There are 2 protein chains.
Amino acid sequence: MKLSTRGRYGTRLMLQLAANYGKKTPLPLTEIARREEISVKYLEQLIIPLKAAGLIESRRGAHGGYVLAKDPDEITIGQVLQILEGNISPVPCVKDPSFCIKYETCNTRKLWETMDKAISKSVCEMTLKEALSA
Amino acid sequence: MKLSTRGRYGTRLMLQLAANYGKKTPLPLTEIARREEISVKYLEQLIIPLKAAGLIESRRGAHGGYVLAKDPDEITIGQVLQILEGNISPVPCVKDPSFCIKYETCNTRKLWETMDKAISKSVCEMTLKEALSA
DNA sequence: TATTTATCCTTCCGGTTTAGTAGGAAAAAA
DNA sequence: TTTTTTCCTACTAAACCGGAAGGATAAATA
């Protein structure tokens with residue numbers, strides 16, 4: 001039960017943008033790629049859904065780059081993971097009952113719900129700002 | 001970040017054995033397969049590591065089957081998942097620092113540790129007995 | 001205006017993991 | 001000796017993961 005590189009790299013990407021928040025110049029992917037040792041090409045892929053979700057704004061051309069669209073304390077790690085990994089619940093049925101035909105009689109459902117809540121809580125209560133200062 | 005069928009089916013398997021705990025006859029996989037609608041062949045595969053870990057004992061031949069080797073309140077969901085899924089931490093580096101070359105400078109490590117603890121706690125504090133009665 | 005620096009857009013691909021299936025051997029009970 | 005069951009070793013189709021490739025478009029600068 002692992003996060004993929006999308007979630008992990010994407011979080012690092014977002015923390016770099018959070019650290020740059022408030023500065024005059026946007027942060028280009030080339031710079032993030034250098035700091036985090038991740039290829040620009042892969043970062044380009046990860047940033048698309050983050051931008052589509054309205055968490056990021058971009059400026060094209062020379063001296064361009066990306067900036068957070070919101071304050072770092074208004075974005076949670078949970079949001080970022082949700083966008084990049086999809087639903088982060090440990091089992092599909094918790095968020096989508098139609099997934100399982102045995103939904104009513106399943107002896108493990110409440111168990112997964114307990115687990116799901118623990119995960120959601122840990123990650124939705126933490127903002128980029130808090131993650132940075134930790 | 002999903003559990004695979006190994007972890008999910010294996011937990012259902014263990015809960016069936018927990019429900020049978022104390023009864024005179026062991027529970028055969030054919031019966032578990034019928035109740036849970038999982039093929040015997042796949043259950044056979046899942047039960048191997050559980051037995052190897054000492055959570056289960058087997059009896060061969062007619063009227064054979066499996067029984068828990070311990071009381072249901074001495075086995076946690078966390079143990080079961082650990083055996084079937086391997087390490088359930090959301091990122092590899094939390095349990096194995098050598099995995100990551102950026103370990104010292106990583107801005108996300110503490111974040112994953114927080115998440116890891118929340119998951120471990122939720123799942124290691126719940127025993128089969130509790131899961132059954134929930 | 002030409003060049004450089006960026007984002008933006010579409011496509012492809014090899015490797016690994018997942019979720020099983022297949023076929024039988026060995027043991028124990030009836 | 002037949003049936004029921006565990007035990008053991010392979011095999012595989014499909015999905016997913018982790019990127020790389022190649023260029024188009026836009027903005028700043030010289």
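The values are calculated or read from the model by the stated rules, or taken from the named source; none is laboratory data. Just so we're clear, the structure is a prediction, and the values are computed from it rather than from any experiment. Positions of Cβ are generated from backbone atoms using ideal geometry, with glycine treated the same way; all protein chains shown enter the neighbour counts.
Inside the range A:84-134, residues that are touching a residue at least 24 places away in the same chain (Cβ under 8 Å) and part of a loop (DSSP other than H, G, I, E, B) make up a count of 6. Among what's in the range A:43-66 and is surrounded by fewer than 20 Cβ atoms within 10 Å (Cβ to Cβ) and more than 10 Å from DNA strand C (Cβ to nearest atom), pick the residue that is farthest from the other protein chains (Cβ to nearest Cβ). The selected residue is A:G54.
Taking the criterion of being surrounded by 13 or more Cβ atoms within 10 Å (Cβ to Cβ), within 11 Å of DNA strand C (Cβ to nearest atom) and more than 14 Å from every other protein chain (Cβ to nearest Cβ), would at least one residue in the range A:71-92 satisfy it? Scanning the range A:71-92, I find no residue that is surrounded by 13 or more Cβ atoms within 10 Å (Cβ to Cβ), within 11 Å of DNA strand C (Cβ to nearest atom) and more than 14 Å from every other protein chain (Cβ to nearest Cβ), so the answer is no. The single condition among (1) modelled with pLDDT under 95; (2) over 20 Å from A:A19 (Cα atoms); (3) of a type outside the set (V, I, T) that A:A52 does not satisfy is (1).
Scanning for something within 13 Å of another protein chain (Cβ to nearest Cβ), acidic (D, E) and either more than 16 Å from DNA strand D (Cβ to nearest atom) or under 22 Å from A:L15 (Cα atoms) (or both), does the range B:115-127 turn up at least one residue? Yes, the range B:115-127 contains a residue that is within 13 Å of another protein chain (Cβ to nearest Cβ), acidic (D, E) and either more than 16 Å from DNA strand D (Cβ to nearest atom) or under 22 Å from A:L15 (Cα atoms) (or both).
Test B:K2 against the stated conditions and say whether it is of a type outside the set (A, V, I, L, M), within 12 Å of DNA strand D (Cβ to nearest atom) and crowded, with 16+ Cβ neighbours inside 10 Å. It is true that B:K2 is of a type outside the set (A, V, I, L, M), within 12 Å of DNA strand D (Cβ to nearest atom) and crowded, with 16+ Cβ neighbours inside 10 Å.
Looking only at helices (runs of 4 or more DSSP H) that fall completely inside the range A:1-83, which ones have 2 or more residues that are under 30 Å from B:S120 (Cα atoms)? Give the derivation first.
Values: elements: A:5-20, A:29-36, A:40-52.
Counting at least 2 such residues, we get A:5-20, A:40-52.
Here is the figure for the range A:14-42: residues that are within 14 Å of chain B (Cβ to nearest Cβ) and within 13 Å of DNA strand D (Cβ to nearest atom) total 4.
The rows are residues; the columns are (1) at pLDDT below 95; (2) touching a helix residue (DSSP H, G or I) at 6+ places or on another chain (Cβ under 8 Å); (3) at positive phi; (4) among the charged types (D, E, K, R).
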| residue | (1), (2), (3), (4) |
| --- | --- |
| A:R60 | no, no, no, yes |
| A:H63 | no, no, yes, no |
| A:P72 | no, yes, no, no |
| A:L84 | no, yes, no, no |
| A:P97 | yes, no, no, no |
| A:C100 | yes, yes, no, no |
| A:T105 | yes, no, no, no |
| A:T108 | yes, yes, no, no |
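Screening the candidates A:I101, A:I88 for the property of being of a type outside the set (D, E) and over 18 Å from B:S120 (Cβ atoms) yields one hit, A:I101.
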